[in-house]
Amino acid sequence: INEKYADFVSLSSRMQGVEKALKPLKAPLEESNNLTKEMQTKLNQILDQAATTQKELASVRARKDALAAYIENTKLFARAKETFAHRWGNHQESEDSLREYVAQENVARDLRRIRLNLGGSA
């Protein structure tokens with residue numbers, strides 16, 4: 001133990017020197033720590049705002065898609081209605097049964113597309 005005592009005392013005095021050397025760094029490091037915490041808080045707020053904006057954007061996109069589907073359904077329905085009124089309103093004009101069949105299939109196709117756009121099954 002006596003052999004190591006000199007090393008132990010030397011280590012103690014060196015540790016005091018290290019403490020004195022670190023003392024001037026303490027305040028700037030604490031300030032840097034506080035600034036980092038403030039920055040982290042601000043970044044978390046920005047992330048929260050971005051998440052909220054992302055949800056709003058998703059809602060707007062969903063409404064846009066619904067509106068596009070509504071417009072397409074309106075066009076399809078108008079076309080089916082026009083075809084139906086024209087073909088079945090004038091039986092004398094529809095001499096060709098193949099044309100009549102094709103017109104009926106087109107109306108059925110348009111009505112199926114409308115049902116699918118509204119979320120129905122095929």
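The values are calculated or read from the model by the stated rules, or taken from the named source; none is laboratory data. Bear in mind that the values here come from a model prediction, so they are computed numbers and not experimental data. In this analysis, Cβ positions are derived from the backbone assuming ideal geometry, glycine residues included, and neighbour counts consider all displayed protein chains. Accessible surface areas use protein heavy atoms only, side chains included; no ligands, DNA or RNA. Shrake-Rupley method; radii C 1.70, N 1.55, O 1.52, S 1.80 Å.
With the structure loaded, tell me whether R61 is open to solvent by 100 Å² or more (accessible area, probe 1.4 Å), over 29 Å from the mean Cα position of the chain (by Cα) and among the basic types (K, R) or whether it fails that test.
Answer is no for this residue.
Exactly one of (1) closer than 30 Å to L116 by Cβ; (2) at pLDDT 85 or above is unmet by A103. Its number?
Every condition holds for A103 apart from (2).
Restricting the search to segment 1-59, which residues are at pLDDT below 95, among the aliphatic types (A, V, I, L, M) and part of a helix (DSSP H, G or I)?
A6, V9, L11, M15, V18, A21, L22, L25, A27, L29
Within segment 28-45, does at least one residue satisfy the condition of being of a type in the set (A, V, I, L, M) and over 33 Å from the mean Cα position of the chain (by Cα)?
Within segment 28-45, one or more residues are of a type in the set (A, V, I, L, M) and over 33 Å from the mean Cα position of the chain (by Cα).
Is it true that some residue in segment 81-91 is surrounded by 11 or more Cβ atoms within 10 Å (Cβ to Cβ), modelled with pLDDT of 80 or more and aromatic (F, W, Y)?
no
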